[in-house]
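Trainee: Pasting in a structure now, in structure tokens, and then I'll have a few things to ask.
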Amino acid sequence: MPDSGLVVSMEPVITVPGDAAPTRGGGGSATQGDISFGTVAMGCSIGTFIEWFDYASYGYLAETIARVFFPSTDRHAGLMATYAIFALSFVLRPVGGVMWGHIGDRLGRRVALSLSIGAMSVATALIALLPGYGRIGMAGPVALLVLRMVQGFSSSGEYAGASTILMEHAPPGKCGLATALVPASEALGLLTGALMVAALSGGLTDTQMQDWGWRIPFLFGAPLGVVAWLFRGRLAETLHGVAEAERQDVPILVLLRDYRPHLLLGLGISALDAIGFYFILNFMPVFISTAGVLSSHMATVVQTVLLAAFIPAVFAMGVLSDRVGRRPMLLLASILFVVLTIPLLWLLGRSSFLGVVAIELAFGGMLAINEGTLPGFLTELFPRHARYSGFALVFNIANAALGGTAPFVMTWIMQVSGSPVVPGVWLVSVAAAAVACTLLSRRFAAVR
């Protein structure tokens, strides 16, 4: 996102439900006026980029990683073991969300974001250096699981924290555009991961990829964490505007006591994003190649086209959500998923290369409506003194329960059913629940 010259002193008014008067977003840091919105955007986006570059690399290299850590004559067994580790890496995300949310709401957004990116970068570097099953036996996959769980724990505050600080720095009426930077950075990380994996796969033999090529993306991501840490050290703290009495409360207890409906509805709405994101932007190349629609290489090419189109679409949806509102956009995305998922998956198995591209772009368009709107919606759903915690809790529970398990579950469903269409029933069911939650959320005023 380009630096538009806007400075943090241009503060939006945020009205917390129940407050007698509005408070100012942007905090009260003494140096805040010297920090441009471009610096804030860079500090937030680079960490999100690294997180999803790593997840993309793991997802797109799943078959290679399966051979390195789970040698087996059964391709599906090794692949499912790799996705099981991917899913288990999400187990600690709700716990991490509570911890990082607590730090972010009590000690500051900048502190939480700086600590989390440091821990995540160390774990990424260690994965790059990890010996495989052939050298250390079962210690290899066990160590991989532990490091993936450290990554999951560390990254659990990333999406919520970056969205929160961007919302609190955003100029008036630009919350949707500002927070859309987070999913756009996710997609850029995925796109970069796809391009790097495609380049490595095209330039190296299978043996070279299995011996050392798969390590390169993880080595690439580690030093970027240092860059993100340096940028985040310059961010202006937006928590200073919260009253001292409110900062003494335990955020998670405040949410469980006073904002239970907000948590439940936020969880239901986040669930669609969790499954949709990992299915469409992470798992789809493996889905297409496993179903025999395209080769693994061509499926990655299609995914690259999708991600390149998805990034500007997310920004456009963020802008549109500033004009028409968050709920209408989320409702539209949910309804489209309910109506179109099964027909699109049915057509996918009967399409040429161009047909697959068109279908993926359709899925990407539906997801862009949701992704460009959700972070703005969740930041406005919770009060400022518990915003980081509320966002992180619902987002990470949804991703741990449904997002991280999506590749594993869909691989299993495809194997059992023998049909690429059946997994879509799961996605449609969650989308239908998201429709209901979005409609019910109209009873709760957004935080401004």
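The values are calculated or read from the model by the stated rules, or taken from the named source; none is laboratory data. All values reported here derive from a predicted model rather than from experimental measurement. Backbone-built Cβ (ideal geometry, glycine too); neighbour counts: all protein chains shown. Note: accessible area is taken over every heavy atom of the protein model, side chains too, but ligands, DNA and RNA are not part of it. Shrake-Rupley method; radii C 1.70, N 1.55, O 1.52, S 1.80 Å.
Trainee: For the stretch 133-173, what D do you get in µm² per second when you plug the Kirkwood radius from alpha-carbon pairs into Stokes-Einstein at 10 °C and 1.306 mPa s? Could the numbers behind the result be given before it?
Mentor: Values: Rh = 12.8 Å.
Diffusion coefficient, whole number: 124 µm²/s.
Trainee: Which of the following values of volume of the Cα convex hull per residue in Å³ was calculated from the structure shown: (i) 125; (ii) 137; (iii) 229?
Mentor: (i)
Trainee: Whole-Hz Karplus ³J(HN,Hα) for the stretch 296-304, in order, using 6.51 cos²θ - 1.76 cosθ + 1.60 and θ = phi - 60°, x for Gly and Pro?
Mentor: 4, 5, 5, 5, 5, 4, 4, 4, 5
Trainee: Quick one: how many Å² of ASP249 are accessible to a 1.4 Å probe, rounded to 10?
Mentor: Rounded to the nearest 10, that gives 60 Å².
Trainee: A follow-up question, please. Give the carbon-plus-sulfur fraction of the accessible surface of the chain in %, rounded to a whole number; probe 1.4 Å, heavy atoms of protein chains only.
Mentor: Numbers: 10890 of 15840 Å².
That fraction is 69 percent.
Trainee: Ok, one more. The stretch 373-416: Rg/Rh from Cα coordinates, Kirkwood Rh?
Mentor: 1.21
Trainee: Starting from the Cα-Cα distance between VAL425 and ALA316, subtract it from 0.36 nm times their residue separation and give me the gain in nm to one decimal.
Mentor: Taking VAL425 through ALA316 to full extension adds about 36.4 nm, to one decimal.
Trainee: Percentage of Cα-Cα pair distances in the stretch 122-231 greater than 25 Å, rounded to whole percent?
Mentor: The proportion of pairs with Cα distances above 25 Å equals 36 percent.
Trainee: How are the C-alpha pair distances of the stretch 174-312 spread across 5 Å bins, as whole percents from the shortest bin up?
Mentor: 2, 7, 11, 14, 15, 15, 12, 9, 7, 5, 3, 1, 0
Trainee: Give me the distance in nm between label points sitting 7 Å out from Cα along the Cα-to-Cβ direction at ARG323 and LEU440, one decimal.
Mentor: Computed distance between label sites ARG323 and LEU440 equals 3.2 nm.
Trainee: Between LEU219 and VAL339, what is 0.36 nm times their sequence separation minus the Cα-Cα distance? Round to one decimal in nm. Let's see the in-between values first.
Mentor: On the way: separation 120, 0.36 × 120 = 43.20 nm, distance 4.18 nm.
So the chain would gain 39.0 nm between LEU219 and VAL339.
Trainee: Can you tell me the order of 343-356, 303-316 when each peptide is scored by its average per-residue count of other Cβ atoms within 10 angstrom, highest first?
Mentor: Details: 343-356: 15.1, 303-316: 20.6.
Going from most to least packed, we get 303-316, 343-356.
Trainee: From the phi angles alone, apply the Karplus equation (6.51, -1.76, 1.60; θ = phi - 60°) to the stretch 98-106 and give each ³J(HN,Hα) in whole Hz, x where the residue is Gly or Pro.
Mentor: Each residue of the stretch 98-106 in turn: 5, 5, 5, x, 4, 4, x, 8, 9 Hz.
Trainee: Compute the length gained on full extension between LEU107 and ALA358: take 0.36 nm times their separation in residues and subtract their Cα-Cα distance, giving the result in nm to one decimal. Don't jump to the answer; show the numbers that get you there.
Mentor: Details: separation 251, 0.36 × 251 = 90.36 nm, distance 4.66 nm.
Taking 0.36 nm per residue and subtracting the Cα distance, the gain is 85.7 nm.
Trainee: Another question about this same structure. For the stretch 337-447, rounded, prolate or oblate, judged on the Cα gyration tensor with a ≥ b ≥ c (square roots of eigenvalues), a/c < 1.5 rounded, else prolate if a/b > b/c?
Mentor: prolate
Trainee: Let me ask something additional. Using a 7 Å offset from the Cα along the Cα-to-Cβ direction at both ARG350 and LEU230, what is the distance between the two label points in nm, to one decimal?
Mentor: 5.6 nm
Trainee: Residue by residue through the stretch 172-188, what is 3J(HN,Hα) from phi via Karplus (6.51 cos²θ - 1.76 cosθ + 1.60, θ = phi - 60°)? Round to whole Hz and write x for glycine and proline.
Mentor: Karplus values, whole Hz, x for Gly and Pro: x, x, 10, 4, x, 5, 5, 6, 5, 4, 5, x, 5, 5, 4, 5, 5.
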